[in-house]
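In what follows, a single structure is set out as structure tokens and then discussed.
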Amino acid sequence: MSGAHDASRRRFLKVLGSATGALIVGMQLPARADTADELLGDVVLRLNPCVRIEPDGTVVIGARDPEVGQGIRTAQARIIAEELDADWPRVIVLPMDLGAEDGDGGPSWTLGHQEARGSTGVPAAWSDLRTVGASARELLVRAAAQRWGADASTLRTQLGKVIARDGRTLDYGELAAEASALPPPNVAPAVKSPDAFRLIGQDAGDVDARDIVTGRQLHAIDQWRGGALIAVIARCPYPGGTLGNLHASAARALKGVEQILTIPKPDPSIPLGTRPLAAGVAVLANDTWTALRARELCRSNGHPVPWCKVTTRSLPRSMHASSRRRPWPCAMMAITIMRANWRIARCRRAIR
Amino acid sequence: MPRLPQTDPGITPEPIRPGIDVVINRENFRHTGDPSMPLLWYLRDVLRLTGCKYGCDDATCGACSVLVDGKLARACELPMQKLQGHRITTVEGLAQADGSLHPLQQAWIDEDAILCGYCQPGMLIAAVDLLARKPDPSDDDIDGIKNLCRCGSYPRVRAAIQRAAAKMKGAPK
Ligand code: FES
Ligand code: FES
């Protein structure tokens, strides 16, 4: 059984039932034309973001963004769990597949953005996750109302249960199969007001806590795919400097060094982000220790540039000098700095 | 008398490779690579015990803390050649073989002392060392742990150590 409703112009809410009686609610990008049948196979991994309520009451949440130590697996899962009124100890978080494929002009996302950068993980997913959680909750409430012949508006939810006015309760697991047969909500259901949050912003435990204290959590630096080499870079210490002649024969001779590459001086016509930071040399080796040792052995007569004289001390000196020469632009700058400081002070007061 | 299995004359057994023998988390290993390789990289790159973290590479941050014969050490400045015959414990070796956690690990979870978790393996090892020396540490003793945490988990780490210390005092040795 499946249904979809247009949650926004770009995303669809999908409701599915699995053969084992689980309720699956997720967001789907319209770009993917999967049929419900296709999705049922590995549905947890293809819907984005999604929650799956098993008949035994376990709530499985697909973690969309890559976890590299920023805690996003906990943060995003809690948002769904919050709106669902799930019982946090019964929540399991599974990493979802990475959905990237070649599009025109570079890779494109098939499951929505799956990135770890720029503090965007939670804001980008916030409303989708809340809608998914709230929709799953609404379906479960409607299923309970149907079962009891009650009015859905008289029912409330708490810790993975639907509760009736007279105190009867039904576990989410018992309702999952029936809920998956209901048509999905036509309009995005109401979400909680922040003062009703039980999980968001509260101490509720990190889903990776056990892995962290046992040393099993893989941070970005711990990722390793079979056969991958380790690369270390030495950069020209002067902004805009060049590498000059590289002497790398001693480094090359080291056992375990696979390749030594030079990185050209940044070309301003290359867009930021893909442009190298500075001229340099990259050593690729079988292990980090060899790579680090080989880097030490690389020598170059890099050309210093005028910038190499710039230091923290020299900057104010040259500013004073130029303020004497060109007072007007310097006065403008001073005003800008004053205004910025004033804004910062105002923000600080507001926070306190 | 039991008979030893005959060696197949067609197979030449591989010669025993010389190396540095170490015991890591109760298991025997032989390092056959560069003897000057620091323990940090042996753990991380060779054994893939990535709980030992790489932070500063100059013995400042403590992310790479391990116990060598029960004493606190920094793996980034310990070349393998100094370790012949020594017993090393990393964060992966703190829990029991059956998976039950060390009281400090449990206290860490109970106090929610974890932020990104990068420094935490080192913090845990430093805390094990502290409690071995001072079973009843004061806050000052705890602040004597100089491991760095970029996320600023210090107050909760302190609470977790106090909690574990209280728990371990009651436990039979
Ligand atoms: S990496 Fe060893 S102390 Fe920082
Ligand atoms: S928890 Fe992030 S560095 Fe300590």
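Relative contact order of the stretch B:103-169: what whole-number percent is it, with Cα pairs under 8 angstrom and at least 6 residues apart?
52 percent
By the gyration tensor of its Cα atoms, with a ≥ b ≥ c the square roots of the eigenvalues, what is the shape of the stretch B:23-164: rounded for a/c under 1.5, prolate for a/b over b/c, or oblate?
Prolate shape, in that a/c is at least 1.5 and a/b is the bigger ratio.
What list do you get for B:Thr32, A:Thr169 if you sort them by fewest beta carbons within 10 Å?
So the residues, fewest neighbours to most, are B:Thr32, A:Thr169.
Order by neighbour count: B:Asp140, B:Asp21, fewest other Cβ atoms within 10 Å first, most last.
B:Asp140, B:Asp21
May I ask for log10 I(q)/I(0) of the protein assembly as shown at q = 0.06, 0.10, 0.12 Å⁻¹, from a Debye sum over the Cα atoms as equal point scatterers with solvent left out?
Reported log10 I(q)/I(0), two decimals: -0.44, -1.08, -1.26.
Over all directions, what mean area does the Cα convex hull of the stretch B:20-93 project, stated in square nanometres?
4.1 nm²
Sum -39500 (n - 2.57) across every DSSP H segment of at least 4 residues in chain A, then divide by the residue count to get the 222 nm mean residue ellipticity, nearest 500.
Helix-only estimate at 222 nm: -10000 deg cm²/dmol.
Take every Cα pair under 8 Å in chain B that's 6+ residues apart, average their separations, divide by the length, and report that relative contact order as a whole percent.
Dividing the mean separation by the residue count of chain B yields 21 percent.
Let me know the mean shielding of A:221-233 by other chains, meaning the per-residue number of their Cβ atoms within 10 Å of its Cβ.
2
What ranking of B:Phe29, A:Phe197 emerges when the number of other C-beta atoms within 10 Å of each C-beta is taken as an exposure proxy, fewest first?
Least to most surrounded, the residues fall as A:Phe197, B:Phe29.
Is there a simple number for the mean count of other chain Cβ atoms within 10 Å of the Cβ of residues in B:108-117, and what is it?
Mean shielding by partner chains, rounded to a whole number: 6.
Scale the Cα Rg of the stretch A:224-303 by the rule-of-thumb value 2.2 N^0.38 Å and send over the ratio, two decimals.
1.14
Which pairs break 19 Å Cα to Cα here: B:Lys71/B:Lys146; B:Lys146/B:Lys167; B:Lys134/B:Lys169; B:Lys53/B:Lys146; B:Lys71/B:Lys134; B:Lys82/B:Lys146?
Violating the 19 Å Cα-Cα cut-off are B:Lys146/B:Lys167; B:Lys82/B:Lys146.
Counting partner chain Cβ atoms within 10 Å of every residue's Cβ in A:201-214, what's the average?
What the average comes to for A:201-214 is 6.
Over chain A, what is the percentage of antiparallel beta bridges among all DSSP beta bridges, to the nearest 5?
90 percent
Bear in mind that the values in this text are calculations on the coordinates, not laboratory data. The shown structure was predicted, so the numbers you read here are calculated from the model rather than taken from an experiment. Positions of Cβ are generated from backbone atoms using ideal geometry, with glycine treated the same way; all protein chains shown enter the neighbour counts.
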